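Notes to accompany the following structure.
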Amino acid sequence: MSIFAEIIQTNIISFIGLIIVSYFLTINPLFDQKSKKIFFLIILVNISMLIVTSIDSSIALHFGPDFYILRRITSFLNFACGPLLPLLLWRIFYEKKLPIYAYIPMILNVIVCFISIFYNLVFFINSSNHYDRGPLFMISILISWFYMIMLIRQPIHHKHYKKHAEHIFLFVVIFLMFLSFILEVVFHLRFMNWNFSAMSLILYYLLLNIQYYMTDSLTGAYNRGCYDNELNKIEYKTNYIITLLDLNKFKLINDTYGHMVGDDCLILITNLFIENLPANSRLYRIGGDEFVVLSKKADYSSISKTIETIHTKANDYGLNFAYGIVDYHITESLTDAIKKADSLMYVDKKRKQDCYFPSDKLLNLHHIKTSQS
């Protein structure tokens, strides 16, 4: 069998999966240009390394000592590029530019792997085309794990509930990396690492699409579709604390300061709720400036105090919202509970509208939002 045929046969599923993801990425309007470029780069690296790894294996199995130099090069590429996938994924997750220190381990790994072409550090291919592990064999794996840890730390650090799905994805990727490491290093099975990486990319693409369809594109809160689905699940089944809220004088804010400031108000309110709500609560944007908080297995007084704390913080930015809270029990009608929360919210709105007027503080919201991101 030729090298080309062996490469295709061994990696056919991964190749097809990555090509399909690449096509859908080009026509998918949900991804911004930064994410698309990085995602395409990851796919290109993954396909390239599948080919390099296959060539390396074919040289080891079918070719003699005359090709040991070429095998040193393919081994260098395989070890040097190992941490690149988690590094690029971290770049997608990270909302700002990665700090300089993020690239130092990758650069160190490339240098050590390059030296290994000539000296036995990470690997060594002798003139008989025989492969040996070097004393620094684990460096590429350890650096990959460093980037995976940073990937996990990033969503936790931001405390953003829509990152929960990312946590699941990251732990799946870690498991796949660990499994590929065991299969390749312990059981000496070939083509594991980059095939598992291809699987991880496909899973990540699916994850991002799910998230985009679940969340509001402007604020990041869960959208109306998720809210309706959740209501269908809870009626007569689960006790909930339901909080309806609505920004006060939002139309006046838009008319006075413009819709960009209005958008900043919505984003900041969402961020305040995300930062302060307990883990058992979810925020949904169900209309222009209308939101709902659904709190499962929560205490009424605790949620009330949290909402009031958020209201105080919003006032510090020049924002104000009205809200109504009800304690829904499974013996009640969910529709009646929501109507009651809505009535309480409008009572609160009438009480607050007369004493709240938008101020020029709102002009600072764009700067605040930018500095927070």
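The values are calculated or read from the model by the stated rules, or taken from the named source; none is laboratory data. On a predicted model such as this, the values are computed, not experimentally measured, just so you know. Cβ atoms come from the backbone with ideal geometry, glycine included; neighbour counts cover every protein chain shown. Each accessible area value is taken on the protein alone, full model and side chains, heavy atoms only, with ligands, DNA and RNA left out. Shrake-Rupley method; radii C 1.70, N 1.55, O 1.52, S 1.80 Å.
Do we have any residue at all in region 159-176 that's more than 30 Å from ASP263 (Cα to Cα) and either at pLDDT 85 or above or touching a Gly at 6+ places or on another chain (Cβ under 7 Å) (or both)? For region 159-176, residues more than 30 Å from ASP263 (Cα to Cα) and either at pLDDT 85 or above or touching a Gly at 6+ places or on another chain (Cβ under 7 Å) (or both): absent. Remark: pairs (first residue in region 260-283, more than 15 Å from ASP316 (Cβ to Cβ) and in contact (Cβ under 8 Å) with a residue 12 or more places away in the chain; second residue among the aliphatic types (A, V, I, L, M) and open to solvent by 10 Å² or more (accessible area, probe 1.4 Å); Cβ separation under 6 Å; 6+ apart in sequence or on different chains) = ASN280/ALA298. Taking first residues from region 196-208 that are within 13 Å of LEU25 (Cα to Cα) and part of a helix (DSSP H, G or I) and partners that are open to solvent by less than 20 Å² (accessible area, probe 1.4 Å) and of a type in the set (S, T, N, Q), the Cβ contacts under 8 Å between residues at least 6 apart in sequence or on separate chains come to LEU201/ASN46; LEU208/SER35.
Residues in region 58-106 that are within 22 Å of ASN129 (Cβ to Cβ), among the hydroxyl-bearing types (Ser, Thr, Tyr) and out of contact with any helix residue (DSSP H, G or I) (no Cβ under 8 Å at 6 or more places or on another chain): TYR68 only. Scanning region 40-57 for residues that are more than 30 Å from HIS130 (Cβ to Cβ) and open to solvent by 30 Å² or more (accessible area, probe 1.4 Å) yields PHE40, LEU41, LEU44. Within region 194-239, take every residue that is more than 19 Å from THR270 (Cβ to Cβ), open to solvent by 80 Å² or more (accessible area, probe 1.4 Å) and modelled with pLDDT of 85 or more and give me the one that is nearest to the chain's Cα centre (by Cα). The extreme case among them is ASN229. From the list LEU266, LEU272, the lone residue that is in contact with a Lys or Arg (Cβ under 6 Å, 6 or more places away or on another chain), assigned to a helix (DSSP H, G or I) and surrounded by 14 or more Cβ atoms within 10 Å (Cβ to Cβ) is LEU272.
For the residues SER140, SER144, the requirement of being of a type outside the set (A, V, I, L, M), touching a residue at least 24 places away in the same chain (Cβ under 8 Å) and in contact with a Phe, Trp or Tyr (Cβ under 6 Å, 6 or more places away or on another chain) singles out SER140.
Of all the criteria given as (1) crowded, with 20+ Cβ neighbours inside 10 Å; (2) modelled with pLDDT under 80, the one not satisfied by HIS366 is (1).
Each residue in region 264-292 was checked for being under 17 Å from ASN320 (Cβ atoms) and within 23 Å of the chain's Cα centre (by Cα), and 10 of them qualify. Residues of region 19-39 include none that is buried (at least 20 other Cβ atoms within 10 Å of the Cβ), hydroxyl-bearing (Ser, Thr, Tyr) and free of Cβ contacts under 8 Å to residues at least 24 places away in the same chain.
What about ASP66, is it among the acidic types (Asp, Glu) and open to solvent by 80 Å² or more (accessible area, probe 1.4 Å)? Yes: the conditions hold for ASP66. Could you give every pair whose Cβ atoms fall below 8 Å, whose first residue belongs to region 315-341 and is touching a residue at least 24 places away in the same chain (Cβ under 8 Å) and of a type in the set (Phe, Trp, Tyr), and whose second residue is buried (at least 17 other Cβ atoms within 10 Å of the Cβ) and part of a loop (DSSP other than H, G, I, E, B), counting only separations of at least 6 or pairs across chains? Taking only residues 6 or more apart or on different chains, the pairs are PHE321/ASN248. Residue count for region 283-303, restricted to those that are of a type in the set (Lys, Arg) and surrounded by fewer than 21 Cβ atoms within 10 Å (Cβ to Cβ): 2.
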